[in-house]
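Inspection log for the structure reproduced underneath, given as structure tokens.
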Amino acid sequence: MRQQTEAHMAQAQKTSTAAIPNDLAGFWMPFTANRAFKARPRLIARAKDMHYYTPEGRAILDGAAGLWCTNAGHNRDSIVAAIQAQAAELDFAPTFQFGHPRAFELANRIAALAPGDLDSVFFCNSGSEAADTALKIALAYWNARGQAQRVRCVGRERGYHGVGFGGMAVGGLANNRKAFGVMLPGVDHLASTYNREQQAFSRGEPDWGAHLADELERIVALHSDTTIAAVIVEPMAGSTAVLPAPKGYLQRLRAICDKYGILLIFDEVITGFGRLGHAFAAERYGVVPDMITFAKGVTSGSVPMGGVIVRKEIHDAFMHGPEHVVEFFHGYTYSAHPLACAAGLAALDLYRDEDLFARAKKIEPAWYDAAMSLKGLPNVLDIRCVGLTAGIDLASKPDAVGKRGYEAMERGFHDESIMFRIVGDSIAVTPPLIVSESQIGEIFDKVGRVIKALA
Ligand SMILES: Cc1ncc(COP(=O)(O)O)c(C=O)c1O
């Protein structure tokens, strides 16, 4: 493992080139308690490897890989250099009817990491766009196959597939849905795989819950198999504070999809690029889905990029008709943006050269031990972990759901100099894959002190 040298730290601690803003009003922040943030901001100015630095130069240990994305660590020299060189050489090239070499190179590299015959990559710019793109590919695929009645999409309760109308509709987080009306018609949901009574304090995939995949049989019975286009699930639901798939669940879902010819989409926006110890979680579970969505880790978070990896048969179903005609009426101006492609290639090189996916797998037992050491602390109701992720549920205050979680995040940043993610009253810890064993200890020491200090 690369040493995080003093020179690097010193470089990162230099004063930021960005002026500290004295007016925070103009930026309506996403998924943020804006008023609370602006009353007591958590500003970040620089980063290097495992650390963020505040504008004043205080080091913050990154226990969240930013937002589950900087898997190779922050501001890695080779990624920075690749982005700089690309910006100087080719700032933008359209990928509608034109192309640039690195887009093809990166697509092939990503496809080579994917299981089975998932051979084609459709690029977009985020996980939300990836989810919507995958759903649109599913619908258009059935249309191309002469089964245009297959229009229903099935998601899962507590699932997260981003904030586009498609992803939101198949997603199962009530707060993300309730203000937005009916969204997509023809959507159904599997039950969440989480049951605290049966699964509390599981290390890795829980033993209980494979049978919940059979819910798909119920949905098929209700709507008929001939109307269902696709099922989309995360192999590990991250945004709802780490819900690992029960042992055997994903295999069972695959079998039922095969039985009825339904497409299976794995949303690997979080689990892709090493988070569960493999390039894709599909490999961990020995399941080949029909499509995999990815984003975040593909560039180690350095430039926005997302995409969908598609089985050959699905891609080929579109390749009909006159050759001058566009086969799939979908895409984004910035699909396969040159800077993202350069960053993606450099990130994949780093993952390979430092064997970071295997490293994540190797340190998994130490990670689980450290996470479970928090069992028994006040208000800790459950701890779940799989790969390099841990979710810690705290009891909610009776009169203020989410307040204890918010206080944990504030204490983490201001008192303990650590960043982690909160979802309501749950804490999610998901560091870059370069985290050292001593930093694992440091992360859970800090989180433990935060939990003890909470009212
Ligand atoms: C599984 C999954 N899908 C989609 C998304 C949305 O990604 P983005 O925020 O890049 O749109 C996320 C974000 O966390 C995610 O976890």
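The values are calculated or read from the model by the stated rules, or taken from the named source; none is laboratory data. Note that the structure is predicted; figures quoted are calculated from it, not measured. Here Cβ is always computed from backbone atoms with ideal geometry, including for glycine, and neighbour counts include all displayed protein chains.
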How many residues are without any contact (Cβ under 8 Å) to a residue 12 or more places away in the chain and either crowded, with 23+ Cβ neighbours inside 10 Å or among the aliphatic types (A, V, I, L, M) (or both) if we restrict to region 150-186? 3
Residue pairs within 9 Å by beta carbon, gap of at least six or interchain, first lying in region 350-370 and over 18 Å from Ile440 (Cα atoms), second at pLDDT below 95, listed first then second, are Glu354/Met1; Glu354/Arg2
Among the residues of region 405-455, write down those that are assigned to a helix (DSSP H, G or I), without any contact (Cβ under 8 Å) to a residue 24 or more places away in the chain and under 30 Å from Glu354 (Cα atoms). Ser438, Asp445
Which of the residues spanning region 137-181 are of a type in the set (Val, Ile, Thr) and within 16 Å of the ligand (Cβ to nearest atom)? Ile137, Val154, Val163, Val170
In region 51-108, what residues are among the acidic types (Asp, Glu) and closer than 23 Å to Asp355 by Cα? Asp62, Asp77, Glu105
Only one of Arg404, Arg421 that is of a type in the set (Lys, Arg) and either more than 22 Å from Gly272 (Cα to Cα) or over 22 Å from the mean Cα position of the chain (by Cα) (or both): Arg404
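Of all the residues that make up region 267-308, how many are closer than 15 Å to Glu205 by Cβ and within 13 Å of the ligand (Cβ to nearest atom)? Working first, answer last.
Going through region 267-308, the residues closer than 15 Å to Glu205 by Cβ turn out to be 271, 275-278, 281-287.
Retained after the next criterion (residues that are within 13 Å of the ligand (Cβ to nearest atom)): 271, 275-276, 281.
Of the residues in region 267-308, 4 are closer than 15 Å to Glu205 by Cβ and within 13 Å of the ligand (Cβ to nearest atom).
So, in region 66-79, exactly how many residues are within 16 Å of the ligand (Cβ to nearest atom) and touching a strand residue (DSSP E or B) at 6+ places or on another chain (Cβ under 9 Å)?
Of region 66-79, the ones within 16 Å of the ligand (Cβ to nearest atom) are 66-71.
Remaining after also requiring touching a strand residue (DSSP E or B) at 6+ places or on another chain (Cβ under 9 Å): 66-68, 70.
So the count comes out to 4.
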Just to be sure I understand the filter: pairs with C-beta atoms under 6 Å, separated by 6 or more residues or on different chains, first member in region 259-279 and on the phi > 0 side of the Ramachandran plot, second member basic (Lys, Arg) and more than 11 Å from the ligand (Cβ to nearest atom). Which pairs pass? Gly277/Lys361
So Phe318, is it touching a residue at least 40 places away in the same chain (Cβ under 8 Å), surrounded by 14 or more Cβ atoms within 10 Å (Cβ to Cβ) and under 20 Å from the mean Cα position of the chain (by Cα): no
Condition check for Phe123: in the same structural domain as Val287 (by TED's automatic domain parsing), loosely packed, with under 13 Cβ neighbours inside 10 Å and of a type outside the set (D, E, K, R): no
List, please: which pairs have Cβ atoms under 6 Å, are six or more places apart or on different chains, and start with a residue in region 22-44 that is within 19 Å of Ile60 (Cα to Cα) and end with one that is assigned to a helix (DSSP H, G or I)? Arg42/Phe413
In region 189-240, which residues are assigned to a helix (DSSP H, G or I) and acidic (Asp, Glu)? Glu197, Asp214, Glu215, Glu217, Asp225
Yes or no: Leu250 assigned by TED's automatic domain parsing to the domain that holds Phe294, within 16 Å of the ligand (Cβ to nearest atom) and either acidic (Asp, Glu) or assigned to a helix (DSSP H, G or I) (or both)? yes
Just give me the residues in region 171-186 being in contact with a Leu (Cβ under 9 Å, 6 or more places away or on another chain) and farther than 20 Å from Met236 by Cβ, in sequence order. Leu184
